[in-house]
Amino acid sequence: MGCEAPTSREDFEIGIVCALPLEFDAAVAALDEVWGDDIRSVLGRAPGDRNTYPTMGKANAAIVASDLRHSYPGLCLALLVGICGGIPKADGREVLLGDVVISSSVVQYDFGRQYPDGFRRKDGPQNSLAAPLEENASILSILDTDYGRDSLREKMASFLKMVQQQRPKYLIPNPASDKLYQSTYRHKHQTSHNCECLHHDKESDPVCEEAMESSCQTLGCDDSYLVKRSRLEERLVAVATADADPDAAVLQPAIHVGKVATGDTVMKSGVGRDRIAHREGIIAFEMEAAGIWEQLPCLVVKGVCDYADSHKNKAWQDYAAATAAAAAKGIAMLHTPADKSRFRDNNPFRPESILPFTPDPEFVGRPAISAWLSEMSQRRGERVALVGLGGIGKSQLAIQFAHGVRNKSHVFWINATTWSTLETSCHTIADRLGLKSQSLPKSDSEDDIVGRVGDWLGREENGRWTVIIDNLDDASILPDDDPHLTKLLPQTSNGFVLVTSWSTAAAEQLTGSGPQNIYAVPPMGEEEALQLFRGKLRNGAACPEEDGREVVRLLDYMPLAISQAAAYINRRAPRVTVRDYNDMLRNHDKKGTLLGAEYQELRRYGVASNSILTTWMVTFDQLQRERPTAADLLSLMTFFSPQSIPEWVLKSLYDRNARKLPPSKVRDTVPPSMAALLSSFNSGRRYLNRNLDVDLNSRVWDEWIESDLGPAKGGEQQKADQAKQHASKGRWRARLSSKAKDLFSSSKKSIGGTTISEEHLPGRTPDAGDADDSDSGAGPDERLERDLETLLGYSLVTPSVIDGVLKMHPLVRYCTETWLARTGRLAKWKKRFLLIMAANAPNVSKQGDRWTPQADLTIHLEPLLRDEPPPDDGPTAMLWVILSIYLYYRWRDDKSEEAAANLLDKMTTVSNNVLGPGDRLTLACLNLRARRLSEQERYAEAEVVCLDILERAEKVGDVVCHIVMESQVHYASILRAQGRFDEAEEVTRAVVEQRIRLDGERGDETLWSMGNHVAAMVQVGKFREASDIAVKLLEEDWAGRDRHVYKGTITVVGQAVLEAAQTGKGDEVEAFVRRALRAAEKHPDTCRWFAYTVYGPFHLGLWVWLYRHDRDDEAWAAMDRGIEHMASVFALPRLHPPELPERLLAAKEDDKDTRQRLLRQIIGNLTLAVDDGRSREVFYWELANIARRLYMQGRYDEGSMLLEAMDRHFKEAYGEKHELTRSAAGLGRELERYRDRRSKEKSEDKGNSALSSSMPGS
């Protein structure tokens, strides 16, 4: 039939979108008339509309819809027409291939969060696309009636027949090929014995590529797994007769209306299909609706071509496309055309728009953001903001949104970069609206124009309006008497305000503090970024995909940087390719040039930079003015690995403990000539090795941070200068401080506990990082929180999924580093970072063989430690060695043996050459080397190193430092390992005497050395003297002392008692063991360090001694006494409910059900204290004590069940090598031996007395 041709693009009211060529062919076949090229210039695409229209997928669909709306602004009904995967049953009705589904709403089923226990779809406008336009709702209401549905079915059948008569390929296929297999029956090789997928029956098992591309017939899919369906049976009967009527009702497609699921992936899983269908109540799966909906809410009209499972069947695609096209044509006939002439005559609303930029033809949509803007703009009087880094695409999103609503709303664009640009924008709006008159007095202030625009916006009869406040990055431009721009932006129901800003705080001035009104714009996804890059390239289609992906990855998916890269390549092509650009980006020196390159962009303000580097430097400068302490924090964070910045280290910038600073010695503050003079006599050497007091030490580090040590030259000149400086070691000390003489004079004060003043905090100069007035009285934690809030508000950092860990955009990190370098502050902040890390790294906590997550600084230190410090910069070398020692322990514990060994050699060389052969850090490195040799049982070499340490210390007069004495203790262990027990005992005795002179008889280090002396004396048979010292240590008041010294000392004493009982002879041994036992019982806290043993070493020692001497009855009595003592040392844990342990232990023997229930409840409490520091360890000790008491009651199976549960928990939470895991396993084995011994009583063979092997350190 003929139709009157439209006269303009505005006359088109219905749009049909198809994703595949076969869908397009069917849709065109159903049309009555196709207008040709003669009127395409009038009715075709608008400028900027790139539609061809592309292949399927949500992102492409969004582009199509946006451009479609732009070219044809009169559209009021959009139909997404094509093929889909169907659900076997919709509202209880069977669905067959060729049936048509029509969407009542659309569900974005794959948008949400993946949790350990499963996927949870996110509720919100981004995925619950359930609010159709008025026209869509009208059509759906018609289809809700029997009449409407029957009418559409008749029209569809008529149009389908017409299409089939023209093109036979759209005839219905043989219904026998309509096969629906059980959802769990997989499409894979069923008979071939040459493929591994033959036996893969689980949903998670892989299927080979060949099977996925093959038909069911080829693979041999078993028809016995087909689902029987009555409607299909009727079809099969109908076509089986010779005179079958092709127009019979049973052969016509049915219409189903309901929810349609849309997503980014093709659903090819029967199990997954049924799970989502049950959860969401959907009737079909497709891939384009969400993208269309963001720009133009539509009706999905699709024919079912498969059942969204793995069984391939393309035979029905053409027929399904034809049924959908026929249904779409029927729906189009339900649409009532608008009377445009009457509308134009009677509707006074003429939208005005003032937009500075046209839409970007290469714009790549962000579906989630567009959907959010669309949903928020429909709310009355809403104010919202897009917040994010400069260059992340906020303004481009706003431009695209503005052009999308300009046909139904006034749209006014205001440039809020400065107050002046804001006023200029208001003048432009006033001109357009006719608000400026010749009679306006010259004395009228500019605020009058702002007020006039605001008055016009406040009158609802003027219609709906949208105001874009762009680039409101600096809230200080807003008037003091009108900080929320109420004069310009009235609170009316017919208005919508969209703000774009770097700063959350600035945006909140206009939107309020409601988080629902702020959208933090993230970087693009990789596919979006690649599409943008290719679109911006002059020949994007020729760009190799992998090279393009590498570019957007290196640029961290930042839109401005991607556009900048494409412009650079376009300008220099063909000399510079995409791959060349990648190579230059990887080069640190060239990267700055690339990121700083300007290019011409018509959709940015003339004064705005098109360089990502320059754009962000403006941000950093503003941050420095607005809140200097936040800029300081950002500067420090630049040196961390950007994806895992620990907050606990950042706190040191605000509350740094000066006592944790690496100690400086007097020799670090005096000129070389003075150091040489003092080194010529013993007392002078000892004086030079004295540590400075806290205040002076902090001043030395402050002076170093402000100094400009180390050469700044390059090439051969640098090498020559370094060699010259290296020739006079120690010269850095004279250059360290301009106040060297003052420091030298003041350093003669006695060493004491001087408290550092505020201006001498580590890593901080008196005038740097001063808090602003608002921070007056705020504590360190509060100041850190305020600065972090500022950085988060600027989107310069973001929180990670791990509590207490922050992330920084890698490009932000690089640009901040460049900013610091250009402002001359990079070296100083690197020094601050090294000093703060050195002050924190040695103090991290360690649990057995596993370092706690917050203690892992490896990723931040490894890059800095790759390069050795300059040979003339002693302070940097000191920090470098301290951090290398930390890294050495980490690598060694992680079993990176070769890397640890190489680092040890490297840091020993650096310390020896830069700090000097007698420096304490050099001695510490040598001590680590001696220990490493001992671990390898290379005792002779280890002994040489220990003696070398002592010789070096004597030369510099530093033999009493803790490193030297620790080396002597280790030297004693080397002697013992070689059977030289007498020499070992002499060495440990000398260490104790030195410690007493240095720290007093009750100093922590003195007590620790006494414990080692006890062990040495036991090995040479000095039991009486060992007994006196052991009792003294056990009776010592350890309250408030170093926990590790306490544990180490008591553990060594316990091992010594056990060793004496195992190997010693004579009455002195028994006296030694019994005295130690009485002291331990008198001070039960000493046994808390043996929580994972049944008896503790003291009772075990007595048992071993008595059993060796055939005093079995006394031995068993000692065993019982030991387990009772250990049970009394530990309380029962506080559980939920609190009375659980007591109820379990008091439960009657014959009430097994109650006991099992209570035990399961106790096991369920295992995770209570997992993240609670030391209380976690105490909690597990007390939990293990329940198992100990169950064994005491003879309830071995219950005790074993509890220990097995603890073992499983420890392995999952901490790993098999963790100290807790090993200890719990050891306790379990020991209790099982206790069980065996008690059952055998005294008949146990004496040869099985190896119980002691489970003791710590044995």
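Residue-wise test of (1) modelled with pLDDT of 90 or more; (2) more than 30 Å from residue 1068 (Cβ to Cβ).
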{"residue": "927", "(1), (2)": "yes, yes"}
{"residue": "947", "(1), (2)": "yes, yes"}
{"residue": "952", "(1), (2)": "no, yes"}
{"residue": "965", "(1), (2)": "no, no"}
{"residue": "989", "(1), (2)": "yes, no"}
{"residue": "996", "(1), (2)": "no, no"}
{"residue": "1000", "(1), (2)": "no, no"}
{"residue": "1019", "(1), (2)": "no, no"}
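Can you tell me how many residues in the stretch 546-576 are of a type in the set (Asp, Glu) and open to solvent by 40 Å² or more (accessible area, probe 1.4 Å)?
The total comes to 2.
Given 937, 951, which one is under 28 Å from residue 666 (Cβ atoms) and acidic (Asp, Glu)?
One residue alone meets the criteria, 951.
Within the stretch 917-936, restricting attention to residues that are open to solvent by 70 Å² or more (accessible area, probe 1.4 Å) and either without any contact (Cβ under 8 Å) to a residue 24 or more places away in the chain or touching an Asp or Glu at 6+ places or on another chain (Cβ under 7 Å) (or both), which residue is farthest from residue 976 (Cα to Cα)?
So the residue we want is 936.
Here is a yes/no grid of residues against (1) surrounded by fewer than 16 Cβ atoms within 10 Å (Cβ to Cβ); (2) touching a Gly at 6+ places or on another chain (Cβ under 7 Å); (3) not aliphatic (A, V, I, L, M):
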| position | (1), (2), (3) |
| --- | --- |
| 1114 | yes, no, yes |
| 1118 | no, no, no |
| 1144 | no, no, no |
| 1148 | yes, no, yes |
| 1155 | no, no, yes |
| 1185 | no, no, yes |
| 1193 | yes, no, yes |
| 1199 | no, no, yes |
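Checking residue 417 against (1) modelled with pLDDT of 90 or more; (2) assigned to a loop (DSSP other than H, G, I, E, B); (3) among the β-branched types (Val, Ile, Thr), which single condition isn't satisfied?
With (1) modelled with pLDDT of 90 or more; (2) assigned to a loop (DSSP other than H, G, I, E, B); (3) among the β-branched types (Val, Ile, Thr) applied to residue 417, the lone miss is (1).
Say whether the condition of being part of a loop (DSSP other than H, G, I, E, B), modelled with pLDDT under 85 and open to solvent by less than 90 Å² (accessible area, probe 1.4 Å) is met by at least one residue in the stretch 141-161.
Among the residues of the stretch 141-161, not one is part of a loop (DSSP other than H, G, I, E, B), modelled with pLDDT under 85 and open to solvent by less than 90 Å² (accessible area, probe 1.4 Å), which makes the answer no.
Scan the stretch 510-521 residue by residue and report those that are surrounded by fewer than 22 Cβ atoms within 10 Å (Cβ to Cβ), at negative phi and either free of Cβ contacts under 8 Å to residues at least 24 places away in the same chain or out of contact with any Gly (no Cβ under 9 Å at 6 or more places or on another chain) (or both).
Matches in the stretch 510-521: 513, 514, 515, 516, 517, 518.
Given the conditions (1) surrounded by fewer than 20 Cβ atoms within 10 Å (Cβ to Cβ); (2) in contact with a Cys (Cβ under 9 Å, 6 or more places away or on another chain), report the number of the one that residue 967 does not fulfil.
Exception for residue 967: condition (1).
Considering every residue within the stretch 489-497, establish whether at least one is crowded, with 21+ Cβ neighbours inside 10 Å, in contact (Cβ under 8 Å) with a residue 12 or more places away in the chain and assigned to a helix (DSSP H, G or I).
Within the stretch 489-497, not a single residue is crowded, with 21+ Cβ neighbours inside 10 Å, in contact (Cβ under 8 Å) with a residue 12 or more places away in the chain and assigned to a helix (DSSP H, G or I).
Looking only at helices (runs of 4 or more DSSP H) that fall completely inside the stretch 618-694, which ones have 3 or more residues that are over 30 Å from residue 798 (Cβ atoms), open to solvent by 10 Å² or more (accessible area, probe 1.4 Å) and aliphatic (A, V, I, L, M)?
Result: 672-678.
Output yes when any residue across the stretch 253-266 is open to solvent by 30 Å² or more (accessible area, probe 1.4 Å) and part of a helix (DSSP H, G or I), and no when none is.
No.
Please identify the pairs in which a residue from the stretch 1116-1137 that is in contact (Cβ under 8 Å) with a residue 12 or more places away in the chain and closer than 12 Å to residue 1095 by Cβ has its Cβ atom under 6 Å from the Cβ atom of a residue that is charged (D, E, K, R) and open to solvent by less than 10 Å² (accessible area, probe 1.4 Å), counting only partners at least 6 apart or on another chain.
Sorted first by the residue in the stretch 1116-1137, then by its partner, the pairs are 1127/1188.
Residue-wise test of (1) farther than 24 Å from residue 795 by Cα; (2) of a type in the set (Phe, Trp, Tyr); (3) over 28 Å from the mean Cα position of the chain (by Cα).
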| position | (1), (2), (3) |
| --- | --- |
| 545 | yes, no, no |
| 551 | no, no, no |
| 557 | no, yes, no |
| 565 | no, no, no |
| 568 | yes, yes, yes |
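When the residues of the stretch 832-853 are filtered to those that are in a helix (DSSP H, G or I) and open to solvent by 20 Å² or more (accessible area, probe 1.4 Å), which remaining residue is modelled with the lowest pLDDT?
Restricting to residues being in a helix (DSSP H, G or I) and open to solvent by 20 Å² or more (accessible area, probe 1.4 Å), the top hit is 853.
If only one of 986, 954, 1025, 1035 is within 50 Å of the chain's Cα centre (by Cα) and open to solvent by 40 Å² or more (accessible area, probe 1.4 Å), which one is it?
1035
Of all helices (runs of 4 or more DSSP H) completely enclosed by the stretch 953-1022, which ones contain at least 2 residues that are closer than 18 Å to residue 1041 by Cβ, small (Gly, Ala, Ser) and in contact (Cβ under 8 Å) with a residue 24 or more places away in the chain?
Where helices (runs of 4 or more DSSP H) fall fully within the stretch 953-1022 and carry at least 2 residues being closer than 18 Å to residue 1041 by Cβ, small (Gly, Ala, Ser) and in contact (Cβ under 8 Å) with a residue 24 or more places away in the chain, they are 1004-1019.
Return only the number of the condition from (1) modelled with pLDDT under 90; (2) open to solvent by 10 Å² or more (accessible area, probe 1.4 Å) that residue 905 does not satisfy.
Exception for residue 905: condition (1).
Based on what the data block shows, is residue 271 over 16 Å from residue 20 (Cβ atoms), surrounded by fewer than 22 Cβ atoms within 10 Å (Cβ to Cβ), of a type outside the set (Ser, Thr, Tyr) and within 33 Å of the chain's Cα centre (by Cα)?
yes
The values are calculated or read from the model by the stated rules, or taken from the named source; none is laboratory data. On a predicted model such as this, the values are computed, not experimentally measured, just so you know. Positions of Cβ are backbone-derived with ideal geometry, glycine not excepted, and every protein chain shown enters the neighbour counts. Heads up: the accessible areas ignore ligands, DNA and RNA and are worked out on the full protein's heavy atoms, side chains in. Shrake-Rupley method; radii C 1.70, N 1.55, O 1.52, S 1.80 Å.
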